Structures are given as C-alpha cells and as structure tokens.
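First comes the structure, then the notes that go with it.
Rule-based calculations on the coordinates, nothing more; no lab input. All figures in this text were calculated on a predicted structure; none of them were measured in a lab. Every residue, glycine as well, gets a Cβ built from its backbone with ideal geometry; the counts of neighbours run over all protein chains shown.
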Amino acid sequence: MSGRTATRSVVSPGWARLTRAGTPELSFETSVRDAIILTPQSGPRALEDDGFPFETLSDVAQTESWRKEINRPTTHIHKWWAQRLGTVFRAMTIGAFAPSGADVFELFYKPVRIPGGTVFDPFMGSGTTLAETVKLGAKAVGRDINPVAHFLVKCALSVHDRKAILETFHAIERDVADKLRSYYLATLPDGTQAEVLYYFWVKTADCPSCATPVDLFSSQIFARHAYPKKFPQAQAMCPHCGGVNEVHVEARDAKCGSCKKTFNPNAGSAKGQSATCPSCDHTFPIAKTIRATGSPPAHRLYAKLVLLPDGKKAYYSATDEDRALYAEAERALAKRKNAYPLVNIEPGYNTNQALGYNYRSWHEMFNARQLLCLSILADRIRAIPDSILRELFTCLFSGALEFNNMFASYKGEGTGAVRHMFAHHILKPERVPLEANLWGTEKSSGSFSTMFEGRIRRALDYADDPFELRLSSGKGGKAEKVFGLSEKIGAPVAETYRAFVDDARIYLSCGDSGVTDLPDRSVDVVLTDPPFFDNVHYSQLADFFHVWQRHILGEDGTRVTDTTRSEREVQNAKAEDFTDRLASVWQETHRVLKDDGLLAFTYHHSRPEGWRCVLQALMEAGFGITAAHPIKAEMSVAMPKQQAKEPIDLDIIVVCRKRAQLETHRWNGDLWGTVAPPAQEQVSRLRAAGRKLSRNDVRVIVTAQLLRQLSRSPTLDSALHLLDTASSDTEALIDQIHCKCNEQTEKPETLKGAV
C-alpha cells in the first residue's frame, strides 16, 4: 500500500438526517439507525457538481491501485483487463444518487444505502460497478458480450458457502495434490528429496548456418532481486558447462565454480531481434528462423529453484534426473484421453505475435508437464457435483492458467516470483519462460493452492465484511481500513429479468448490450467503463481462458462456441465500426434509462479519434455531457504505463443526460472561453493536491471539457465540425496549461482569456 500500513476502524452509528452548513437540508431519509438512505433524484446530482472531490478521491484510489487484488479482492478473483478502481465507482454511485450540493467525500465514509435504485452496467468486465452497487444496497444489472467476463462476475457476486468451499478444496487436495507434486521433486546433492518451486527454461533456435541449437539468452543472468541496488546478488548460468553461479548483478566477468572457465554474465547469444551462434559466429534473425521451422520454438531446461527441507531456497542446475522426470510426464500425458482443449488460435491484433512464432493452438502455450497436471486438476474439478462450487473452482483453475504456462517468466526474489503472461497485454512469446509448481507450496507464487488462499479466501473475507481505505493526513500517513460502511457482497444471481424483478438483487446476462430484455425507462443510473477502440482486444486474449473453462464446464448457453470473439463486440480497430457499435449500446442505454437518469462512464484516450468516436456515439444516441471530472486511472504499476513516454494516469468521469433534458447552444467564438477555465481549474486542483501531470493527462482534461461543451451543440454535424477544426487551438491550450502547471518557480494561475 505504497508504504502505508493498514489499521481497522469502524464508523459510528446514529445518522438520521444530513445537513450542510450554508445549504438547504438534503432530502435523505433513514430506515435504520446507522444508514443514510438515498433515493433516485429528479434534479441535479452531486456527480454533476463542478466541486466533485476528484482530487481527494484520486488519492484514495491511488492507494487502492497499488494492490487492487488486496483492496478489492472480490472483483480480482480472475484476470480481466483494465479492471477499474472500486473507490472511483463507489464515489460515482453515491454521486449519481445524491442531490447536488451533497458532500460526496463525506458520504463516501458513511453507511449509505440506495435501496430504491437500479444501476446498469452494459460493459461489466470484472464487475466493479456491480460490486460497489451491491455494497450500497442498490439493485445491480450487468451485461457483457464476453463469456469470460460474465463467468467471472457470476462467480464473484454469487452467494457462497464458506464451509462447503473449504471442504471442497481439501477434498481436491486429498485426491490430486500428491500426484501433482510428484512431478516437481528433485534429489539434492546430499541425497535428500525436495520440492521444486520453479523450473527455468530457455527457447532455442537452430543456427541456419551450422544447425547448432542456440540458447536465446540475452543475458546469462536468469535470476536477480527486484531491488538490485540493495541486493546485487544474482544467479547466472555458465555458457560452457551449464553450472549455476552467484554473481554481482552488474558483473562483466565471472569464473564458473564448476568448470573454472570465465564468462560475461551480462552477455548472451540473443540481442534484440537477432542471435549469434556461439559455434560459428553466424548472426541470424530469431523470429524468421523459428517461423521457417513450421513448429513452435523448442525449449531447453537448464536450472531449478528448490525449496529446501529447512524452508530456505536454493538454485541448482538441471540434471538428468530432472529431464527424466519431465519425460515421464510426457509419457503420462500421451496416455490421457481428452486431456486438454484442442482449439486453434485465430489471427488478431493481440494474437498475431504468438502466431508469428508458430503457436497455432492454445495448448501449445504449455509444456507437457503443465498440460498433464492441468488435465489431472481439470478432471477433478469437473467431478464436483454442486454447480456453484464447480464454477468457482473452475474460476480458480482458470486464474492459475495465467501463471502456469510457457509465456510466464521470472520476476526474481523480493516480489511475487512469477510474471504472468499478460504483463505486456499481448501474447508475447517469452525467451526465458518459467515453469511453476502447479499445486504449489507455502512459498510458491501463482500456484493453485496459494491462489486459493490469496484470491478465493481473501475474496470471501472481503465479501463478508467489505472495507474502504481512508488516508490519514500528513506525509507518510497510514491507510486505514474502514469497516461497517457497506452491505455484504453476495446474492442469488437472476438469469432472467423476470426473476430479477420478482425476487433478486443481481441480474447478469451475456450478449450484445445493444440489445437487452430490460423494459423502457427501467434503470435509474447507468455506470460503466467502455472499451477502447484501438487498444487491448479483450476477446482475443480471453480465449486463452475460455477454451479451458469450456473444456471443464461444457458448452452451455454462454460457451456455445470455442471463441469469445463476436462481430457485435464494441472493441474494434476501425473507428467507424467502434463508433457504430458504441452508439448502439448508448442507444439501448437511452431506451432503458429513466428520463431523468444519468449515464456516467470512465474513459481516456491519447488520440483525437478516440474522443471523436465517443462524442459521435453519445450524440447519435441522444446524450449530452453535463460534467467531466478527472480521476485516478486503474494503472499504477502496469508494464504498458511504465514503458510509455507520456503515460496517462487519469481517467475522465463523463456524466451525461438525455439531450431532451438539456439546452443546446450555438458556438459563435465563445467556445474556448468555456473550455479553458474549467480545464485549468481542474489541473490546478490536482497540482495543489501534489499530483504530477503528464502532457497526456492534461490532454484528457482539456479534451473532455471540449467535448462537454460540444455535446450541447444543436446538431451532431456542427459538433463534429467544431471538433475537427479545433485541433490547433486544442494543442495550444494543452501546451499552455501543461507548461503553466509544471512551472516550479511560481504557483499555477488561472488562464486568462481564450486561446
């Protein structure tokens, strides 16, 4: 938690009515002693106020973002992409029902309930909106076109019997754990036996000149600490004899303890996209050479990390015994029937890189031992008689896939050891993959048993007693866990709208959100996070999980086909298609939303096309923007953000109403006078709160304020024309605000006049 420690606090009961000094008494009523009841409002909402406390909420959200899986474990029981922050959506939900003038940050830490409200999320993803809705006592409706999203949200929000879950886990453990562990054993030099935590592999390619297999190491160092300046010891493999040596992480010269030959630990055969054969010095392109073989790349086992009997860890070279044990796993796998799903990988933006390395089927991303152990575990889970338990353990199994494949790698000591396969948001073939012990030990990372403790049990604890984070004042302040604010998470999930209306709190469905079975004007608020049009294609990546979920659970209504891809999914690389499909969802949202209801969603984009698509889709659907607030985005430590030159750390909360409820405005030279002041004010508030802003952060703030004004234009054509011709003025305003907000010698001042 970014250096903060967590303590427990509980709110005091006794709220009856809420008043604010200098403002009229707010129309809150209470039905129980310790709850503040919000009811759907017909007038302006707190989420539309310019004073919405985005800067203080961003501080809390940032603390959550460092360890989302701990601070919001219910919606992190399984991988999903761009998982939004619960802090943000709790505040959005409260602000969407509280009347204008309410202090949202104060209400954030009060036991608010919204029993008469219905919230709909048409892009439910990992279920963040729905979990926060349930915590606040409102009714939640979620829909997603992707079966994996539907599956994981159903598992997260269903009622779970803790005793039955624990009994089922222990039954699985009794039946298969020893069998799985038997394939991860090694004999130590003193003759004793120990469990292997991780096996280290390296991709190889035959030299086109002399046919010698070449290890594709970029460095002989294969293990280092996460904080190498403080802990400079590293493990390197001798290229002459394969011996494992402890070296300094920056060493350029080392002597092998086994063969006594010298080598450069920081050098390897591979450099960039090419490799040089150590036998004949021929340099060749790696990807092209592998493609020419027509098969996925070969791998060589070279080292292992062993858990010693005294609880310590030790690195060793791979031995003939290790290779014999792997061969035994290969033979056992060959004898199994229907051991794993046989599904081809389809071409796509996020799958083409794997296809370029000749990975043609999803099972080829695993080695034989991984497939054998996964098959044994999958068969046992399939035999669970209770459907809810079977689905929950399939969800756990599916989550473990992310860490147990040959696209995963080693993060090293001092952190979670396994770097999961989606660290780069693409299916990137890993040159030095890591094979983890699937069942795992107490000191394993990414194993089935440790993920049961870290994901399932933690999620159960949070669902029973949810908490919010509260930051104490002052530099280096502690983060408190505030309990007693929310209802428990978990309710029977309705599979039809009729069942939802009759007697349910949650309704989930899987399909095109441009077509739903919701009645006209049946929803009070729509809260969501739509996908980007040119970024990560969720369905292409989700198929990795889907084929295994289908393998275990069968072909039911959400798993009829062997892919999650759909022609109707909104995410699309073509701006025109993205706009059309997003507009169809907004049009359906317009139909099901009450006339005085709000549509609010989070969004950011670095390219003008992304914002143009959103404006066009909203206006085509009959919406105008009433407010736009910057807020902390979900990523704090993600690899794509770390690699970006101008990373975006902010989302924009875009708040909309039906255009029939709004007044339009013709812009006659007064546009920038309405855009610049609120944009500068928001930047100044974030800077005063100590938040650094990149140029792209300023861009999303300025662009959102521009769209807010343009959405009030009389026609869509006039709005798009102004947007298309405003690029130079937009860039000038972004430059001016960015330069002003980053001046260190003077306090930021409000921009005067139009650009």
Legend entry - Spin-label model distance (nm) - Ser258 vs Thr319, 7 Å beyond Cα toward Cβ: 1.2 nm
Inset, instruction - For region 373-438, report the convex hull volume of the alpha-carbon atoms normalised per residue, in Å³, without decimals. - result: 101 Å³
Inset, instruction - Counting helices only, and only those DSSP H runs with n ≥ 4, report the 222 nm mean residue ellipticity of the chain as the sum of -39,500 (n - 2.57) divided by its residues, in deg cm²/dmol to the nearest 500. - result: -10000 deg cm²/dmol
Inset, instruction - Towards the positive end of the charge dipole of the chain, with charges on Cβ (+1 Lys, Arg; -1 Asp, Glu), say which of Gly484, His420, Val523 has the farthest Cα. - result: His420
Inset, instruction - Write down the Å³ per residue value for the convex hull defined by the alpha carbon atoms of region 552-688. - result: 190 Å³
Legend entry - Sum of side-chain charges, Pro714 neighbourhood, beta-carbon under 12 Å (Lys, Arg +1; Asp, Glu -1): +1
Inset, instruction - Hand me the trypsin sites (Lys or Arg not before Pro) from region 645-679 located in a DSSP loop with no more than 11 other Cβ atoms within 10 Å, in residue order please. - result: Lys645, Arg666
Inset, instruction - Show me 257-264, 512-519 ranked by packing, highest mean number of other Cβ atoms within 10 Å first. - result: 512-519, 257-264
Legend entry - 18 Å tail of the calculated P(r), region 306-440, as % of Cα pairs: 64 percent
Legend entry - Most positive-pole-ward Cα, Val153, Asn404, Leu469, against dipole of the chain from beta carbon charges: Asn404
Inset, instruction - Just list whichever of Lys271/Lys443; Lys229/Lys692; Lys271/Lys428; Lys261/Lys443; Lys179/Lys443; Lys312/Lys411 have alpha carbons separated by over 22 Å in the model shown. - result: Lys271/Lys443; Lys229/Lys692; Lys261/Lys443
Legend entry - Relative contact order [Cα under 8 Å, 6+ residues apart], region 227-271, whole percent: 30 percent
Legend entry - Taking the chain and dividing mean pair separation by its residue count, relative contact order in percent (alpha carbons under 8 Å, at least six apart): 15 percent
Legend entry - Intensity falloff of the chain expressed as log10 I(q)/I(0), Debye formula with alpha-carbon point scatterers, at q = 0.04, 0.06, 0.08 Å⁻¹: -0.18, -0.40, -0.71
Inset, instruction - Return the Cα extents of region 80-221 along principal axes one, two and three, sorted largest first, each rounded to a whole Å. - result: 74, 46, 31
Inset, instruction - Give the peptides 427-440, 375-388 in descending order of average Cβ contacts within 10 Å, highest first. - result: 427-440, 375-388
Legend entry - Net dipole in debye of the chain [+1 Lys, Arg Cβ; -1 Asp, Glu Cβ; about Cα centre; nearest 20]: 1660 debye
Legend entry - For region 447-595: span of alpha carbons on each principal axis (Å, largest first): 48, 45, 40
Legend entry - For region 484-526: span of alpha carbons on each principal axis (Å, largest first): 38, 21, 19
Inset, instruction - Using every pair of alpha-carbon atoms in region 157-242, split the distances into 10 Å bins beginning at 0 and state the percent of pairs per bin, rounded to integers. - result: 12, 22, 26, 22, 14, 4, 0
Inset, instruction - Could you tally the net charge around Ala223, taking each other residue with its Cβ under 13 Å from the Cβ of Ala223, Lys/Arg +1 and Asp/Glu -1? - result: +3
Legend entry - Taking N as its residue count, the alpha carbon Rg of region 204-324 over 2.2 N^0.38 Å: 1.16
Legend entry - Listed residues Cys739, Gly268, Ser684: farthest to the positive end of the dipole of the chain (Cβ charges): Gly268
Inset, instruction - List the GluC sites (Glu not before Pro) within region 521-624 that fall in a DSSP loop (any state other than H, G, I, E or B) and whose Cβ has at most 11 other Cβ atoms within 10 Å. - result: Glu555, Glu567
Legend entry - Sequence-distant residues sharing a close amide H with Val493 (under 5 Å, placed H): Val159
Inset, instruction - Highest first, please rank the peptides 106-113, 684-691 by the mean number of other Cβ atoms sitting within 10 Å of their residues. - result: 106-113, 684-691
